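Worksheet: the structure to be examined is printed underneath.
Please treat every number below as a calculation from the coordinates, not as lab data. In this text, all values refer to a predicted model and were calculated from it rather than measured experimentally. Cβ: placed from backbone, ideal geometry, glycine included. Neighbour counts: every protein chain shown.
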Amino acid sequence: MKVIKRDGTTVSYDRNKIKIAIQKANAEVEPAEKVTDDTIEYIINCIETKNRSRMLVEDIQDIIEQKLMDEKKFVLAKTYIIYRYSRELVRRANTTDDSILSLIQNRNKDVMEENSNKNATVASTQRDLIAGEVSKDLTKRILLPEKISKAHEEGVLHFHDADYFLQPIFNCCLINIGDMLDNGTVMNGKLIESPKSFQVACTVMTQVIAAVASSQYGGQSVDVRHLGKYLRKSYNKFKTKMTAEFGDRVSEDVIEELVQERLRDELRSGVQTIQYQINTLMTTNGQSPFVTLFLNLDKDDEYIKENAMIIEEILRQRLEGIKNEKGVYVTPAFPKLIYVLDEHNCLKGGEYDYITELAVKCSAKRLYPDYISAKKMRENYEGNVFSCMGCRSFLTPWKDENGNYKFEGRFNQGVVSLNLPQIGILAAGDEEKFWNLLEERLDLCYEALMCRHNALMGTTSDVSPVHWQYGAIARLEKGEPIDKLLLDGYSTISLGYIGLYEVTKLMKGCSHTEPNGQDFALRVMNRLRAATDKWKAETGIGFGLYGSPAESLCYRFARIDLERFGSIPDVTDKGYYTNSYHVDVRESIDAFSKFRFESQFQKISSGGAISYVEIPNMRNNLDALAEVVRFIYDNIQYAEFNTKSDYCHVCGYDGEIMINDDNEWECPQCGNKDHAKMNVTRRTCGYLGENFWNVGKTKEIKARVLHL
């Protein structure tokens, strides 16, 4: 049996510790109040005969107290409770010692590898991680109700980002970059006026991105269409200057040619500024800004021609990549790109198809951009097209006092995710029991989400001026509370979920892609959505159902349930749960059928959804990739590509990925060891199933692959 300690760590069960604890209490009471060695053995047997693979230390101590009371040893029970309390005080004094020291000594693998975008050996990053360990400790012991902390440890739910819960900061946002560029902003007490040129606008935008990233823990998204105005400003500036200097000596055509050449130089330099600044800036939490660029050619935009030029250049530079320390062109982690497909660029003869063709080439080599269908998004969001936030959660439509839709300048308060397969395991095929358990756990999730919300209430704008006072979210007065932005649906708060496939398998004996399973899965999804809608109606808070990627949580829930319930075929035995509503990776299904099937869940999961397909050897399958992109426009709101061939997405190497002397996968061309950025076909044994690289836990992955 494994015992889960109060700090969340797992240790092997040791019956002698229980015996010693009772004996110490025994030694402090009168002979008539003592229990015999046989009674102590009986109490220990009561714990062991429960045959649990995991138990919380609090549950073990509760059993001991109850058994002492049953034996009428009330004084002894009180003495044991006092002993237990005194031990708790000692633990409260040093609960983070080991986790912090192991972090400094590079031994705390769980924390070090939790975020692939953080280099945990760098001093500045370690400062943030140390603060995170303190926050997690205080969150578990003091800030959260005990039942929610316990539910988190048992895998009932996951309280996301406990390492930042101590601070009054939020998850992710859509920066109101248009307002900040047009009306100016302030950073570090210095006024930054509206730019007069494209390159300056690009520089200001990256400064804003870095400042925003330093005062929130989730991602951010920026709509690049706001840069179109500034590219035109540069054009007008160059045209005026060239005309004044050469107008009486050369023709208009020559002047236009000179202006266009200068504009193209400025365009290249401005986009390069964005790309290099984002990848070289370091925020206060020790990582590059987690930012997404939204590439949308809006037909009603007066600057659509300029924005077409900007988007084309962004894709062109992403296709080329950035040189690493060895001088090899690699794929930068950020900014992430989302490209919008509309009627004029969906590869059906539209005016801007040439940009989409470039996007397809970029996807084949660099895995980005992702794709959003404007057509499907308008169906799902009251005719609107807008970016998801950096964490891939979507806002709900919201109108200002003038009746205008507003998305930029809004944010997500936080996330709590539900472990659906665990409910299925406990229900054991009994639907009545399943729905009752689901209701109980939804109530618990609501309470946990309200902890997130209430922790932000009362926060003043001084906490992050760039967010609240200078335009990224709002322009509040100094000292003004942010409360009104937490209510009336202005911001969202998200209920996540893991394992729709597995819970359907447990309850119906089949995949949710089969008719009987699909009916059950849709009922589950609609119940989750109804819960968030009900909470929103009752509170005015923008609750949303969030099914966006949470790869590490897929493994955490599965690991907990494997330890607690043992190996269950096609559920806990896999080592992972399928994320959100996705089709299990081992099912035989083509890309078109997968997108068509999953699109029905995206509409329900409007607080966040993305679907993936794997296309082998993408760089040699551009026609197939283009066909899938056409299909996305008509059939699914948000999609992304993966690939299965041996391929390094950092440098583009497409030979066989090697195993180095440390028994780790490594690209022989650029030395990349980040498994999230490579795809490896297991040629040794012929295994072609799930790629387990996104977790980033090398030893765990290695053992799992060898086992498979």
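For Cα pairs less than 8 Å apart in space and 6+ apart in sequence, what is the mean separation divided by the residue count of region 302-411, i.e. the relative contact order in percent?
Reported as a whole number, the value is 19 percent.
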What does a probe at Val11 reach in region 51-82, counting residues whose amide N is under 20 Å from the point 7 Å along Cα→Cβ? 52-65, 80-82
With x for Gly and Pro, the residue-by-residue ³J(HN,Hα) of region 379-396, computed from phi through the Karplus equation 6.51 cos²θ - 1.76 cosθ + 1.60 at θ = phi - 60° and given in whole Hz, is 5, 8, 10, 6, x, 9, 10, 7, 7, 6, 7, x, 7, 6, 8, 10, 6, 8
So if R0 is 60 Å, what FRET efficiency would Glu440 and Met187 give, r being the distance between their Cβ atoms, rounded to the nearest 0.05? 0.80
Length gained, Glu431-Asp298, 0.36 nm per residue minus C-alpha separation, equals 43.2 nm
Nearest 0.05, what FRET efficiency do Asn642 and Gln600 give at R0 = 25 Å with Cβ-Cβ as r? 0.70
Shape of region 305-347, Cα gyration tensor, a/c cut at 1.5: prolate
Gained length - Leu622 relative to Ile82, 0.36 nm times residue gap less alpha-carbon distance: 187.4 nm
When N counts the residues of region 260-338, how does its alpha-carbon radius of gyration compare numerically with 2.2 N^0.38 Å, as a ratio? 1.20
Please work out, to two decimal places, the log10 of the ratio I(q)/I(0) at q = 0.17, 0.29 Å⁻¹ from a Debye calculation in which every Cα of region 491-537 carries one identical scatterer. -0.52, -0.99
On a straight-distance basis, which aspartates and glutamates could pair with Lys196 in a cross-link, Cα separation under 16 angstrom, same-chain partners fewer than 8 positions away excluded? Asp179, Asp182, Glu266, Glu306
Cleavage-rule hits, GluC sites (Glu not before Pro), region 527-583, DSSP coil, Cβ neighbours within 10 Å at most 16: none
Computed Rg/Rh of region 341-385, alpha carbon atoms with Kirkwood Rh: 1.04
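Counting pairs of alpha carbon atoms under 8 Å apart in space and at least six apart in sequence, what relative contact order in percent does region 136-275 give?
Over region 136-275, the number comes to 24 percent.
Expressed as a rounded percentage, what relative contact order does region 159-222 have, with Cα pairs under 8 Å and six or more residues apart?
Here the relative contact order equals 47 percent.
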For Lys478 and Asp573, compute 0.36 nm times the residue count separating them, minus their Cα-Cα distance, and round to one decimal in nm. 28.8 nm
So, R0 is 41 Å and r is the distance between the beta-carbons of Met1 and Ala537; what FRET efficiency does that work out to, to 0.05? 0.40
At q = 0.11, 0.19 Å⁻¹, work out log10 I(q)/I(0) for region 176-308 with the Debye formula, treating every Cα as an identical point scatterer and leaving solvent out; two decimals please. -0.45, -1.09
Which peptide among 175-182, 460-467 comes first, and what is the full order, when sorted by highest mean count of other Cβ atoms within 10 Å? 175-182, 460-467
Among 385-395, 242-252, how do they line up by average Cβ neighbours within 10 Å per residue, starting with the highest? 385-395, 242-252
